[in-house]
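Down below is the structure, laid out as structure tokens.
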Amino acid sequence: MAAAKLEYIWLDGYKPTQSLRSKTKIEKDFSGKLEDCPLWSFDGSSTEQAPGGSSDCILKPVFIAIDPQRKDGYLVMCEVLDSTGAPHESNGRALIQDDDNDFWFGFEQEYFLWDPETNKPLGFPASGYPAPQGPYYCSVGAKNAYGRDIVEEHLDACLEAGLNVEGINAEVAAGQWEFQIFAKGAKEAGDQIWVARYLLERIGESYDVAINWHCKPLGQLDWNGSGMHANFSNTTLRTAGKKEIYDVILEAFRPVVAEHIAVYGADNDQRLTGKHETASIHDYSYGVSDRGASIRIPLYTVQKGWNGYLEDRRPNSAADPYKVAAVIIKTVKSAKV
Ligand code: ADP
Ligand code: MN
Ligand code: MN
Ligand code: MN
């Protein structure tokens, strides 16, 4: 068999926002299976993950997908371990307590396609602004939809890789888009979001378009920010059958707002202002169908007789889905239902 190209992908140690890193490992006679991906290492002193005098960090493969852009290629998502083999402090995946995959997550990843030359979103003129928000959301036509060729190529790449993308849409601001990914199992949901982000970054390279994950890249002007709404459920939420169980779980989130906001993405105070379909970062609220609440109870959940899921609207576009899932699971499990 031809030599396989395994792209080992991991998260660096930058704070407050970690970035994707990757490098290629050639494997002869590769089976295509995760268990046949060997451990590997990298120079942690170049990624803020280790001091220069003791620089090795370990890459532990945890998720594999076909690489749709490379002949005989695979994308191998990895956890980072320190030189002793323990999870590195930058490793949010290791914090997830969901061994039986009882938690299902659907993340709605918003982002801006960004022109590195003008330092503005696609669709923005080099000076000044396009027409105010309104026509861009779910738009069609060259006047309002910008960058669809990139978005379409990304969707195809995700599907060919086997990622469970559930949909895409143009978002409220010009040059802003969204994809949704769902998985049964918090770790896999996080893995799939990170691999999808990786593919988007790499596809952008060939168009000279950057991906801007910041939650409020246009500042406090009247343009929407970017979120990563976390839709979640476990067996209890899926089979509750009464409002009271939802109330107990939702109240468990109230005393731990700070702990959640700490991992819901950098600069979220700029986005969670109470405007643009967000709740204030200082408040905690929930409500049926309420897109101005911290957590929305989807109408679906009520219509199914309180058997469904919840949507935490606070995580932002640059948040680490592993850390978001870990804290949500912790809080849901703490509820005395
Ligand atoms: P909206 O834009 O109205 O908030 P989307 O359709 O963009 O909603 O996203 C809804 C998300 O909810 C999808 O990613 C979907 O997979 C997810 N979802 C649906 N049912 C469940 C469930 N039982 N548990 C977790 N997530 C769910
Ligand atoms: Mn959505
Ligand atoms: Mn959206
Ligand atoms: Mn949503």
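Taking the stretch 104-147 on its own, how many of its residues are surrounded by fewer than 16 Cβ atoms within 10 Å (Cβ to Cβ) and charged (D, E, K, R)? Selection size over the stretch 104-147: 2.
Okay, residues lined up against (1) free of Cβ contacts under 8 Å to residues at least 12 places away in the same chain; (2) within 25 Å of the chain's Cα centre (by Cα); (3) assigned by TED's automatic domain parsing to the domain that holds L155:
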{"residue": "S45", "(1), (2), (3)": "yes, no, no"}
{"residue": "G52", "(1), (2), (3)": "yes, no, no"}
{"residue": "D72", "(1), (2), (3)": "no, no, no"}
{"residue": "M77", "(1), (2), (3)": "no, yes, no"}
{"residue": "G85", "(1), (2), (3)": "no, no, no"}
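Considering only residues of the stretch 227-278 that are basic (K, R) and away from ligand 1 (no atom under 15 Å from the Cβ), which is surrounded by the most Cβ atoms within 10 Å (Cβ to Cβ)? That would be R271.
Residues that are closer than 19 Å to N101 by Cβ and either of a type in the set (G, A, S) or not assigned by TED's automatic domain parsing to the domain that holds D115 (or both) within the stretch 162-198 comprise G162, A183, G185, A186, A189, G190, listed in sequence order.
Applying the criterion of at least 1 residues that are among the polar types (S, T, N, Q) and modelled with pLDDT of 95 or more to the helices (runs of 4 or more DSSP H) found wholly in the stretch 249-310 leaves 268-271, 299-303. The condition (being touching a residue at least 12 places away in the same chain (Cβ under 8 Å) and more than 16 Å from the chain's Cα centre (by Cα)) is satisfied by just one residue among I96, I9, I58: I58. Does S31 satisfy being out of contact with any Gly (no Cβ under 6 Å at 6 or more places or on another chain) and either assigned by TED's automatic domain parsing to the domain that holds L200 or part of a strand (DSSP E or B) (or both)? No; evaluated as a whole, the condition is false for this residue. For the stretch 280-298, check the following and say yes or no: at least one residue is of a type in the set (V, I, T), surrounded by fewer than 15 Cβ atoms within 10 Å (Cβ to Cβ) and either within 13 Å of ligand 1 (Cβ to nearest atom) or farther than 27 Å from T17 by Cβ (or both). Checking the stretch 280-298: at least one residue is of a type in the set (V, I, T), surrounded by fewer than 15 Cβ atoms within 10 Å (Cβ to Cβ) and either within 13 Å of ligand 1 (Cβ to nearest atom) or farther than 27 Å from T17 by Cβ (or both). Among the residues of the stretch 290-327 satisfying the criterion of being within 13 Å of the chain's Cα centre (by Cα) and of a type in the set (S, T, Y), which is nearest to ligand 2 (Cβ to nearest atom)? The residue in question is S317.
How do the pairs read when you match residues in the stretch 296-319 that are aromatic (F, W, Y) with residues anywhere that are assigned to a loop (DSSP other than H, G, I, E, B), using Cβ under 7 Å and keeping only pairs 6 or more apart or on different chains? Final answer for the pair search is Y300/G308; W306/A240; W306/G241; W306/K242; Y309/P298.
Taken over the stretch 311-323, the criterion of being in a helix (DSSP H, G or I) and among the charged types (D, E, K, R) is satisfied by K323 alone. Within the stretch 12-38, restricting attention to residues that are of a type in the set (A, V, I, L, M) and in contact (Cβ under 8 Å) with a residue 24 or more places away in the chain, the residue that is farthest from G190 (Cα to Cα) is L34. For W223, the conditions (1) more than 26 Å from T331 (Cβ to Cβ); (2) within 16 Å of ligand 4 (Cβ to nearest atom) all hold with the exception of (2). One residue stands out in the stretch 173-189 among those that are farther than 26 Å from H276 by Cα and buried (at least 24 other Cβ atoms within 10 Å of the Cβ): the one that is nearest to ligand 4 (Cβ to nearest atom), namely A189. Entry remark, the stretch 74-117: residues being among the polar types (S, T, N, Q) and either at pLDDT below 95 or in a strand (DSSP E or B) (or both) number 3 in total. If you take the residues in the stretch 131-184 that are part of a loop (DSSP other than H, G, I, E, B) and within 17 Å of I66 (Cβ to Cβ), which one is farthest from ligand 3 (Cβ to nearest atom)? Among those residues, the one meeting the criterion is G162. Against the numbered list (1) touching a helix residue (DSSP H, G or I) at 6+ places or on another chain (Cβ under 9 Å); (2) crowded, with 16+ Cβ neighbours inside 10 Å, K25 comes up short only at (1).
The values are calculated or read from the model by the stated rules, or taken from the named source; none is laboratory data. Here the structure is a predicted model, which means the values were calculated and not measured. Here Cβ is always computed from backbone atoms with ideal geometry, including for glycine, and neighbour counts include all displayed protein chains.
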